[in-house]
Amino acid sequence: MGFSVVVPARYASTRLPGKPLADIAGKPMVVRVAERCQQSEAGQVYVATDDSRIADALEGQVPVVMTREDHPSGTDRLQEVAAKLELADDDIIVNVQGDEPLIPPSVINQVAANLAANPACQMATLCEPIEDADHLFNPNVVKVVFDDDGRALYFSRAPIPWHRDAFADGGRDISGGQWWRHIGIYAYRVSFLHQYVQWPPATLEQLESLEQLRAMANGVAIHVAPAIEAVPGGVDTQADLERLRAQLGGQA
C-alpha cells in the first residue's frame, strides 16, 4: 500500500495567528509536524500553504505546494494539491493537521491502511475513548458514533450518544464506555476529493462546523476505528503552545 501525506498549513489562524511558524524548542511547529509525517510509511510528504513565510521555513526540508487563499476547509486545499500533482484517482492521501507536532507516525500508517482495506469507503479516520464527562459535554471535543462495521453514523459537537437515563436531570455518568472522541486525521481517495469540491456546503456541515458532514450528507461512507496509539491533542491556544514548549524544551 502506498500513500502520500499532505499537511495543510494556514498562517491566518483565528485563535493563534502565525501558528505554523510558532517556535517549539528551536523549530517551527510545521517543521515538527512534517518530521513526524516523514517517520511514517508515506511515499512522500508535502505541506500545502498559501503563505510564502511558511514555504520559506520549510525550504530544503519538505516539498511545499502553494495553494489558493480562499479554501473553506483543509479538504478543499488537499484537492488542489492532488490536482496540481496530477495524482491518480485511486491514490490515497492522508491529511495531517498542521498543529499536531506530536502525532504518532503509527496512526498515520493506520488510517491509510484502513482506507486501503475498505474499498467501499472513500474516507477513513480515527477515534479514541472518552473517559471524562467534561470532554463529552465540551463542544470543542468532536464526538463520533459508528456502526458495527466501523462506518461513521454521525459526528457532532454535542454529547452523542445521549444516555437517556444516565443523563436525566443533569446526570453525567459515562461509565458505559460508549463514547468516542474523533481524532482529526483523515485518509482520502483522490477521486473523492475531486467530488467533494463540487458539492456545496451542507446544512449539517455549517451547523456543526464539521467539514466531514459534507461527505456524509452526500452519502459517502467514512471508515472509523480506534487509534492504535494515543494521539496527544493539537495546538489550538496559547496555553496549548506553552505546554508543548515546556514538554519539548529539552529536545532538539
(Q) Stokes-Einstein diffusion coefficient for segment 1-108 at 25 °C in a medium of 0.890 mPa s, Rh from the Kirkwood formula over Cα pairs: what value in µm²/s? (A) 178 µm²/s
Q. Along segment 213-226, what does the Karplus equation 6.51 cos²θ - 1.76 cosθ + 1.60 (θ = phi - 60°) give for ³J(HN,Hα), rounded to whole Hz, x for Gly and Pro?
A. 6, 5, 5, 5, 5, 9, x, 7, 7, 10, 7, 10, 8, x
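If Rh is defined by the Kirkwood formula over all Cα pairs and Rg also comes from Cα, what ratio Rg/Rh do you get for segment 106-161? Present the calculation step by step, with values, prior to reporting the outcome.
Details: Rg = 12.7 Å, Rh = 12.5 Å.
Rg/Rh for segment 106-161 comes to 1.02.
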Q) Between I24 and residues 5 or more places away or on another chain, which pairs have amide H atoms under 5 Å apart, with H built 1.01 Å from N, and which residues are they? A) M29
**Q.** Cα-based shape type of segment 136-180, given that a ≥ b ≥ c are square roots of the gyration tensor eigenvalues and the cut on a/c is 1.5
**A.** oblate
Q. Among F3, A57, V81, whose Cα sits farthest toward the positive end of the charge dipole of segment 1-139 (+1 at Cβ of Lys/Arg, -1 at Cβ of Asp/Glu, about the Cα centre)?
A. A57
Q: Subtract the Cα-Cα distance of I228 and D23 from 0.36 nm times their separation in residues, and report this length gain in nm to one decimal.
A: 70.9 nm
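Where the eigenvalues come from the Cα gyration tensor of segment 1-43, what are the semi-axes √(5λ) of the equivalent ellipsoid, largest first, in whole Å? Before the final figure, lay out each step's value.
Details: eigenvalues 110, 35, 5 Å².
After scaling each eigenvalue by five and taking roots: 23, 13, 5 Å.
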Q.
So if I take the centroid of the Cα atoms in segment 93-119 and the same for segment 157-222, what is the distance between those two points in Å?
A. 18 Å
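Could you order the peptides 162-174, 132-144 from most to least packed, using the average number of other C-beta atoms within 10 Å per residue?
By packing density, highest mean first, the sequence is 132-144, 162-174.
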Q. On full extension of the chain, what length is gained from D236 through S209, given 0.36 nm per residue of separation minus the C-alpha to C-alpha distance?
A. 8.1 nm
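Using the 2.2 N^0.38 Å rule of thumb for compact globular proteins, work out how the chain stacks up: its C-alpha Rg over that value, please. Mind showing how you got there, number by number?
On the way: Rg = 18.0 Å, N = 252, 2.2 N^0.38 = 18.0 Å.
Against the compact-globule rule of thumb, the ratio is 1.00.
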Q. Say each of S13 and D148 gets a label point 7 Å from the Cα, pointing the same way as Cα to Cβ; how far apart are those two points in nm?
A. 4.2 nm
**Q.** Accessible surface, segment 1-122, averaged per residue in Å² (probe 1.4 Å)
**A.** 41 Å²
Q.
Cβ neighbours within 10 Å, averaged per peptide: list 116-123, 100-107, 52-59 in order, most packed at the top.
A. 100-107, 116-123, 52-59
Q) Mind checking Rg over Rh on segment 85-216, alpha carbons, Kirkwood formula for Rh? A) 1.00
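Could you estimate the translational diffusion coefficient of segment 62-156 from the Stokes-Einstein equation, with Rh from the Kirkwood formula over C-alpha pairs, at 37 °C and 0.692 mPa s, in whole µm²/s? Working shown, then result.
On the way: Rh = 15.9 Å.
Answer, rounded: 207 µm²/s.
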Q | Dipole of segment 122-252 [Lys/Arg +1, Asp/Glu -1 at C-beta], most positive-end residue of G184, P200, H135 | A | P200
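Per residue, how much accessible surface does segment 127-252 expose to a 1.4 Å probe? Answer in Å², no decimals.
Values: 6680 Å² over 126 residues.
It amounts to 53 Å² per residue over segment 127-252.
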Q. Any idea how far apart Q39 and E131 come out in nm if each label point goes 7 Å out from Cα toward Cβ?
A. 2.3 nm
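Work out how much length W199 to A83 would gain on full extension: take 0.36 nm times their residue separation and subtract the Cα-Cα distance, in nm to one decimal.
On the way: separation 116, 0.36 × 116 = 41.76 nm, distance 1.67 nm.
Extra length available between W199 and A83 comes to 40.1 nm.
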Q.
Using a 1.4 Å probe on the protein heavy atoms only, what accessible surface does S73 show? Give it in Å² to the nearest 10.
A. 10 Å²
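Which GluC sites (Glu not before Pro) in segment 176-252 sit in a loop by DSSP (not H, G, I, E or B) and have at most 16 other Cβ atoms within 10 Å of their own Cβ? Walk me through the numbers on the way to the answer.
Values: sites: E205, E208, E211, E229, E242; in loops: E211, E229.
Taking segment 176-252 and a limit of 16 other Cβ atoms within 10 Å, the loop GluC sites (Glu not before Pro) found are E229.
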Q: Using a 1.4 angstrom probe on heavy atoms only, work out the carbon and sulfur share of the accessible area of the chain in %.
A: 47 percent
Q.
Charges on Cβ only, +1 for Lys and Arg, -1 for Asp and Glu, centred on the Cα centroid of the chain; of V231, L248, V33, which one is farthest towards the dipole's positive end?
A. L248
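The values are calculated or read from the model by the stated rules, or taken from the named source; none is laboratory data. Worth saying up front: this structure is predicted, and the values here are computed from it rather than measured. Using ideal geometry, Cβ is built from the backbone for each residue, glycine included, and neighbour counts are taken over all protein chains shown. Side chains are part of the model used for accessible areas, which takes the heavy atoms of the whole protein and leaves out ligands, DNA and RNA. Shrake-Rupley method; radii C 1.70, N 1.55, O 1.52, S 1.80 Å.
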